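Taking it in order: structure first as structure tokens, then the write-up.
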Amino acid sequence: MTKGLFAFHHKIQWIVIGLGIALVVIIALWGGPAAQAQPEQPLAFSHKKHVDAGTQCVYCHPGVLNGPVAGLPSMAKCMGCHSNVQVSDETDQPDVDTLLSLWDRGLALRWVKINDQPDFVYFSHRPHIQHGVSCESCHGNVGQMDFAQPAFQINMGFCLSCHRQQSPDKFTRLVDCKTCHQ
Ligand code: HEC
Ligand code: HEC
Ligand code: HEC
Ligand code: HEC
Ligand code: HEC
């Protein structure tokens, strides 16, 4: 009996270890692409340093308030601060010098897009921001990232999982195919 029980425990132990390994592999495969997705940007721009310095998301991405496109800040907007901001950390100066030299030569930064929906999807920031959906619920905590990267895979399931949680009077409209595929 004891021996049988021991063998049984032994089996369970291996099953548990096996499942553990499988889980690690699954997480590695799953988490892999998102973790590697950090694109090569033309300049090391830290969200964290700018947000910690007190700059609001909407100051740099004003499009979220009135339309589909959040937009990225122009060179002129960067220079609005950097024509007089002094960095406190000297190791940041080379990146700021790159910005200043591009501006002097009349060149612009061309950022690599991180979030991109296919054209057959209709998405607008406006209704979300108007109804108090936070940036973080779709983009994660970008304000604390040194390099902006996607926190979630924003696909149809992701959109629907939140729309399904809205109040019953809105539910039908929010899960209707036409709402997102016009
Ligand atoms: C609202 C003002 C403001 C705007 C707009 C702004 N910055 Fe900054 N930036 C700062 C401040 C403040 C710091 C941090 C200074 C410190 O304490 O070191 C900073 C730091 C930096 C640094 C060094 C730290 C880092 O991010 O690695 C770079 C590079 C930089 N900014 C680039 C840019 C670029 C590019 C833009 C436009 C897309 C921009 N900034 C727009 C205020 C601003
Ligand atoms: C000082 C200006 C500045 C501020 C403040 C700022 N951003 Fe950004 N943001 C940028 C720039 C420049 C880029 C493009 C470079 C990059 O992707 O890192 C960007 C990129 C992004 C992206 C990825 C865009 C894409 O390609 O899909 C997201 C999401 C984002 N910001 C969200 C936020 C949120 C949320 C906040 C507030 C917590 C915020 N940003 C504050 C300047 C800013
Ligand atoms: C309901 C989900 C959701 C919320 C909330 C949200 N975003 Fe987005 N955001 C997206 C999607 C989806 C895209 C990709 C849009 C596309 O490719 O057409 C995007 C794209 C962006 C981009 C890239 C530029 C662009 O417009 O394509 C920036 C910057 C951005 N968001 C910033 C913000 C900021 C700042 C907030 C909060 C004020 C915010 N987002 C809130 C889903 C969201
Ligand atoms: C975290 C929650 C959340 C996520 C994720 C989300 N939404 Fe929404 N969405 C809302 C809320 C809340 C509203 C406003 C509902 C209302 O009118 O009261 C809304 C409204 C909309 C509307 C306007 C509907 C109308 O008829 O007024 C569209 C279009 C939309 N969402 C598309 C999307 C798409 C596409 C995605 C995925 C890329 C997405 N949403 C992800 C919460 C979310
Ligand atoms: C809340 C927004 C939303 C609603 C409602 C919605 N979709 Fe989507 N759908 C998306 C997004 C975002 C994508 C693109 C990302 C992806 O492939 O999942 C998509 C992709 C698709 C695709 C392409 C899938 C692929 O693999 O390329 C089909 C087909 C589709 N939707 C059909 C539908 C149908 C049918 C309905 C109604 C029952 C519906 N959708 C409702 C947001 C939505």
Pairs under 7 Å by beta carbon, first residue closer than 22 Å to Phe158 by Cβ in the stretch 105-118, partner within 16 Å of ligand 4 (Cβ to nearest atom), six or more apart or different chains? Ile114/Pro150; Asn115/Pro150; Asn115/Ile154; Gln117/Phe123
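Just a yes or no: is a residue in the stretch 74-86 of a type in the set (Lys, Arg) and either surrounded by 12 or more Cβ atoms within 10 Å (Cβ to Cβ) or near ligand 2 (Cβ under 10 Å from one of its atoms) (or both)?
Kept after step one, since they are of a type in the set (Lys, Arg), are these residues of the stretch 74-86: 77.
Restricting the remaining residues to those that are either surrounded by 12 or more Cβ atoms within 10 Å (Cβ to Cβ) or near ligand 2 (Cβ under 10 Å from one of its atoms) (or both) gives 77.
Checking the stretch 74-86: at least one residue is of a type in the set (Lys, Arg) and either surrounded by 12 or more Cβ atoms within 10 Å (Cβ to Cβ) or near ligand 2 (Cβ under 10 Å from one of its atoms) (or both).
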Would you mind stating whether Lys48 is in contact with a Phe, Trp or Tyr (Cβ under 9 Å, 6 or more places away or on another chain), modelled with pLDDT of 95 or more and outside any loop (DSSP other than H, G, I, E, B)? no
In the stretch 141-157, the residues that are within 16 Å of ligand 4 (Cβ to nearest atom) and touching a residue at least 12 places away in the same chain (Cβ under 8 Å): Val142, Pro150, Ala151, Phe152, Gln153, Ile154, Met156
Among the numbered criteria (1) loosely packed, with under 15 Cβ neighbours inside 10 Å; (2) among the polar types (S, T, N, Q); (3) under 30 Å from Val133 (Cβ atoms), which one does Thr55 miss? (1)
Which condition from (1) surrounded by fewer than 13 Cβ atoms within 10 Å (Cβ to Cβ); (2) farther than 22 Å from Pro42 by Cβ is the one that Ile154 breaks? (1)
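Which helices (runs of 4 or more DSSP H) sit wholly inside the stretch 71-148 and have at least 1 residues that are within 10 Å of ligand 3 (Cβ to nearest atom)?
In the stretch 71-148, the matching helices (runs of 4 or more DSSP H) lie at 125-130, 136-139.
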Some residue of the stretch 131-153 being closer than 18 Å to Val64 by Cβ and more than 16 Å from ligand 2 (Cβ to nearest atom): yes
Looking only at residues in the stretch 100-151 that are buried (at least 16 other Cβ atoms within 10 Å of the Cβ) and β-branched (Val, Ile, Thr), which one is farthest from Thr55 (Cα to Cα)? Ile129
From the list Asp89, Asp116, Asp104, exactly one residue is of a type in the set (Asp, Glu) and modelled with pLDDT of 95 or more. Which is it? Asp104
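The values are calculated or read from the model by the stated rules, or taken from the named source; none is laboratory data. Everything numeric here is computed off the predicted structure, so don't read it as measured data. Cβ sites come from the backbone with ideal geometry, for glycine too, and all protein chains shown count toward neighbours.
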